[in-house]
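Notes follow once the structure below has been shown.
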Amino acid sequence: MAVKHITTKEIARKVVTNEETTILDVRNTDEFDDWKIEGGSVHVINEPYFNLLDGIEDVEHKLDKDQEIIVVCAKGGSSQMVAEMFDEAGFTDVYSLEGGMKAWSEHLEPTKIADLNGGGSLYQFVRLGKGCLSYFIESDGEAAIVDANRMIDVYEKFAEEKGVTIKHTIDTHLHADHISGGRNLAEKAGGTYHLPEKDATEVTYEYSSLEEGNDITVGNTTVKVQPLYSPGHTIGSTSLIIDDQYLLTGDILFVESIGRPDLAGKAEDWVGDLRNTLYSRYKELSDDLIVLPAHFSFSSELGEGGQVSARLGELYEKNKGLQVEDEEKFRSMVTDNLPPQPNAYEEIRKTNMGKVTPDDEEQREMEIGPNRCAVHE
Amino acid sequence: MESTKVLDAKGLACPMPIVKTKKSIQELNSGDVLEVHATDKGAKSDIAAWVKSGGHELLQDTEEDGVLKFWIKKA
């Protein structure tokens, strides 16, 4: 019997619908520990493929012959080999993940957040494999996309399906964990790319400055996007309030954590801005705003249908990053608990500034691994 | 660096560089050095991890013009 294949889309479905899923990850243990498929009811076993070349005895006793097993590796080659070995050993429901973790890193799962005033809609695109969240606002034949990923064809296809034209692409800040698709999307669609000016001091291209007071309209003046200057993750970080109901916080505030201030090498300078934004600027806003961040770090942040969101008022009660009133304690929490930096973050920043243009394969490699834009205890 | 045998695994995708490295090592004697050339970037961490799990020794590894080279001393 031939080994069956499974796509990243099918795995994404399993994660967001909490389907019991068993994954055998055959990458080496360092890579596995760094980053793996998580969330929903996913159970993962790690056994590097090179330990299985002489046979699968070490791991087969952990699994039932008739259970569904999805074998995963970096790019899909080794998982195919291991899946074949399981198949030959009498396992009946074995799959190999097509394209491996590399493909998983790129998968985007769209989910509808809400209907907006005047017939518009707001969608969240969840990049499950990397924890990136981007947003698609459509109204009256027009669309704006916020914090778009590199895989722009996904948004283009979505816009086509909805019959809307991409008028605006917006980055809430200069990203350090993933390569922005905002500029490319705007160029191809003839739209405008918006970026905060303070994050754009070194960019090599034309853009429209994203700043407080300059509202962006999507559709026939129905949906209003209000920029709100909220520095801290970067000096230019700007949040967006959509339709007076939704607060897109970028990398400033997440559901279970807060942004890190150090990815441009200025933790000491920016920690004060971060504190001011979180403990003062955001506090002045309505508790009823729904926070929609640009990332999630934990699978526990994925809600129903894979959505990531929370009421601002609820975050002021529960998010640990918002409970530290003492300034010195806040400072040390943010600067003492910094996780390792995202893979290739300096090169990613340069790419997003337009200073370097790696080819597609290099861009893929640069983005491998978790996003690591948050600080948490 | 001196090597007993050179394995050309350039252009091969995972898992083949390791499969071939394992086979070549089996044909060598204890203390011999196998030199492996590969272009699959994943080989870098995988060969290091495999060498460790097999008790062999990675004497040196280099990367030049996209070609990864490894010198592995058989246990």
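Read-outs throughout are calculated quantities, based only on the coordinates presented, and are distinct from any laboratory measurement. Model, not experiment: these values are computed from the prediction. Cβ: placed from backbone, ideal geometry, glycine included. Neighbour counts: every protein chain shown.
Data overview
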item: 32 Å Cα-Cα threshold exceeded, pairs from A:K350/B:K5; A:K14/A:K65; A:K198/B:K69; A:K14/A:K266; result: A:K350/B:K5; A:K198/B:K69; A:K14/A:K266
item: Value of Rg to Rh for the protein assembly as shown (Rh from inverse mean 1/r over Cα pairs, i.e. Kirkwood); result: 1.01
item: Rounded FRET efficiency, nearest 0.05, which uses the C-beta distance separating A:D287 from A:N117 and R0 of 30 Å; result: 0.90
item: Gyration tensor (alpha-carbon) shape descriptor, the range A:252-317, a/c threshold 1.5; result: oblate
item: Phi to ³J(HN,Hα) by Karplus 6.51 cos²θ - 1.76 cosθ + 1.60 over the range A:25-38, Hz, x for Gly, Pro; result: 9, 9, 6, 5, 5, 4, 5, 4, 5, 5, 5, 8, 6, 9
item: Inter-probe distance in nm under a simple model that places probes 7 Å from Cα toward Cβ, at A:E268 and A:S300; result: 3.4 nm
item: Chain lengthening between A:D66 and A:E187 when straightened (0.36 nm per residue, less Cα-Cα); result: 38.5 nm
item: Relative contact order, percent, the range A:4-104 [alpha-carbon distance under 8 Å, six or more residues apart]; result: 32 percent
item: Likely footprinting exposure, A:C73, A:C132, fewest C-beta neighbours within 10 Å first; result: A:C132, A:C73
item: Average beta-carbon neighbours from other chains, 10 Å sphere, peptide B:44-54; result: 4
item: The range A:206-336: C-alpha gyration tensor shape, a/c 1.5 cut-off, then a/b vs b/c; result: oblate
item: Amide H contacts under 5 Å for B:L7, placed H, 5+ residues apart; result: B:E35, B:V36, B:H37
item: The range B:47-57 - phi-based ³J(HN,Hα) in whole Hz, Karplus 6.51/-1.76/1.60, Gly and Pro as x; result: 5, 4, 5, 5, 4, 5, 5, x, x, 7, 10
item: Prolate/oblate/rounded label for the range A:296-335 (Cα gyration tensor, a/c 1.5); result: oblate
item: Formal net charge of residues neighbouring A:H295 (Cβ-Cβ distance under 12 Å; K, R +1; D, E -1); result: -1
item: Separation of the A:R311 and A:E328 label points, Cα + 7 Å toward Cβ, nm; result: 3.6 nm
item: Angle between chain A longest axis and helix A:152-162 axis [Cα atoms, degrees, rounded to 10]; result: 70 degrees
item: ³J(HN,Hα), Karplus 6.51/-1.76/1.60, whole Hz, each residue of the range A:73-79, x for Gly, Pro; result: 9, 5, 10, x, x, 6, 5
item: Sequence-distant residues sharing a close amide H with A:L253 (under 5 Å, placed H); result: A:G259
item: Exposure proxy order (Cβ contacts within 10 Å, fewest to most) of B:E64, B:E27, A:E10, A:E142; result: B:E64, B:E27, A:E10, A:E142
item: Quarter of the Cα convex hull surface for chain B, i.e. its orientation-mean projected area (nm²); result: 4.2 nm²
item: Computed FRET value (nearest 0.05) for A:L338 with A:E10, which takes r as the C-beta separation and R₀ as 45 Å; result: 0.80
item: Tilt relative to chain B, helix B:16-26 - C-alpha long axis, 0 to 90 degrees, to 10; result: 10 degrees
item: When each of A:K4/A:K102; A:K102/A:K157; A:K167/A:K283; A:K9/A:K162 is checked by Cα-Cα distance, pairs over 23 Å; result: A:K167/A:K283
item: Inter-site label distance for B:L28 and B:E64 at 7 Å from Cα along Cβ, in nm; result: 1.9 nm
item: Estimated 222 nm signal from helices in chain A, with DSSP H stretches of n ≥ 4 weighted -39500 (n - 2.57), rounded to 500; result: -7500 deg cm²/dmol
item: For chain A: relative contact order, % (alpha-carbon pairs under 8 angstrom, 6 or more apart); result: 14 percent
